[in-house]
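The values are calculated or read from the model by the stated rules, or taken from the named source; none is laboratory data. It should be emphasised that the depicted structure is a prediction, and the values quoted were computed from it without experimental measurement. Cβ coordinates were reconstructed from backbone atoms using ideal geometry, including for glycine residues, and neighbour counts include every protein chain displayed.
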Amino acid sequence: MANSGVQSDARMQGPVQAKGGLPVLAASCLAIFWPGAFIFGFPGVMARHWQQVLQVDRAAVGGTLFFVLAAAGIAMFLTGRLMRTFGPARLTAFSGLLCGSSAVLVAYATDIHTVYLWAFLVGASSAFIYLPALTVVQAWFPHRRGLVSGLVNMVFALSAAVMTPLFGAGLEAFGYGATTIMTGVAALLFGLMAAPFMRLPGDDHGAPAATAKTAALPAVSLTTRQAIRTRNFWFLWLVWVLAGGAGIAMVTLSAHFGLSRGLPLAKAVLLLTAFNLTNGLGRLASGYLSDIFGRSRTICLAFVMAGTAYLLMPYLQGVAAWSCLAALVGFGFGTQFAVAAPLISECFGSRYFADIFGLLFTGYGFLAGVAGPWFTGLLLDLYPGNFQLVFVCLACFFFTSAVLILFTRPDPPNSA
């Protein structure tokens, strides 16, 4: 009877809690917009300027991705502990400050190392907002964790699509320095405006955070030390390495593959455009679907489609077919990010969610770049033009991850 009373109370509080969480959801999307725009859009627009002014080759500019991922991996690991000490609002403000000030710094870059420092700082800023945003929206919308996590992830991924043409227009109209400083100030203001709304339910007057209990969450949250002793933890960590590497590899492979098949550059980049569109838009869709069909099933299906797309890509012909297949890879990659957060909550509980998520993310931050872009680049150096071999390896990464995710299942509520 006691259990049914708790569940009934949670159902009655659900709509009220969700309504109160709408400003929190909007603030989370607002705060995460600029880190996503700078990571996914800014380097692509400014690459040629950096090459010309700093006298470096494209490979040197491409190194920014390494520093972004490394910083995100380090900061994501730290964010869980920092959030318990300082709270999501202060971390959000710090993220905005870091993102904005790093943009002002790179406006005066005189060498590529300053650009690398900017990449490291903006990568860290993304971690300092990503985890707080996912934590608070899941707490406010316990019955729609997949949907709201997908929405935050979609804004993060699609912000570059909004800002890339504006970065380019600003570069043409105002020049590099002015454009970078203006956007940096905007990032700072967005972060500071969003920070006061970034709170957990029950935090209005400094009270301990409280969330509605649902049957989907374990009755007892596992600590980080307990989590790393479970099969679920290591399966998820390997998925971040393998599926993360297979997904991010498309960023560097798509245009290269199109050019190798005789496409002009203008058409070859359509493969990357298709990947980015589904990587962003697909996050909302997969988050919503995971609320209906379950987290593991949704991720597994997305990985199987992405792996199959990699297998088919060398054998189909035409930019339309290749773009559709690249879009499936983008959907699989985006699904991993959109659905991972609610799945981790259901596997380990919500109390130490940020700590556990940060530790799991080290697999992506430190090893996905090696498993994906670096490994496939090595294969193409050893076997020039052999995309069949490369895509078979990446498909195996996705298929292995699909199997691992099927065996990643939340424990029954009474088992914790």
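Here are a few things to note about the model shown:
- Scanning the stretch 157-201 for residues that are outside any helix (DSSP H, G or I) and on the phi < 0 side of the Ramachandran plot yields Met198, Arg199, Leu200, Pro201.
- The residue that is surrounded by the most Cβ atoms within 10 Å (Cβ to Cβ), counting only those in the stretch 159-192 that are in contact with a Leu (Cβ under 7 Å, 6 or more places away or on another chain) and in contact (Cβ under 8 Å) with a residue 40 or more places away in the chain, is Gly191.
- Some residue of the stretch 121-129 being among the aromatic types (Phe, Trp, Tyr) and within 16 Å of the chain's Cα centre (by Cα): yes
- Selection of the stretch 79-120 for residues being within 24 Å of Ala60 (Cβ to Cβ) and in contact with a Pro (Cβ under 7 Å, 6 or more places away or on another chain) yields only Cys99.
- In the stretch 93-123, the residues that are free of Cβ contacts under 8 Å to residues at least 12 places away in the same chain and not polar (S, T, N, Q): His113
- Meets criteria (closer than 16 Å to Ser254 by Cα, at pLDDT 90 or above and not aromatic (Phe, Trp, Tyr)) for Val390: yes
- On the stretch given as the stretch 393-416, residues that are aromatic (Phe, Trp, Tyr) and at pLDDT below 95 total 1.
- Residue in the stretch 29-36 that is at pLDDT below 85 and outside the structural domain of Leu359 (by TED's automatic domain parsing) present: no
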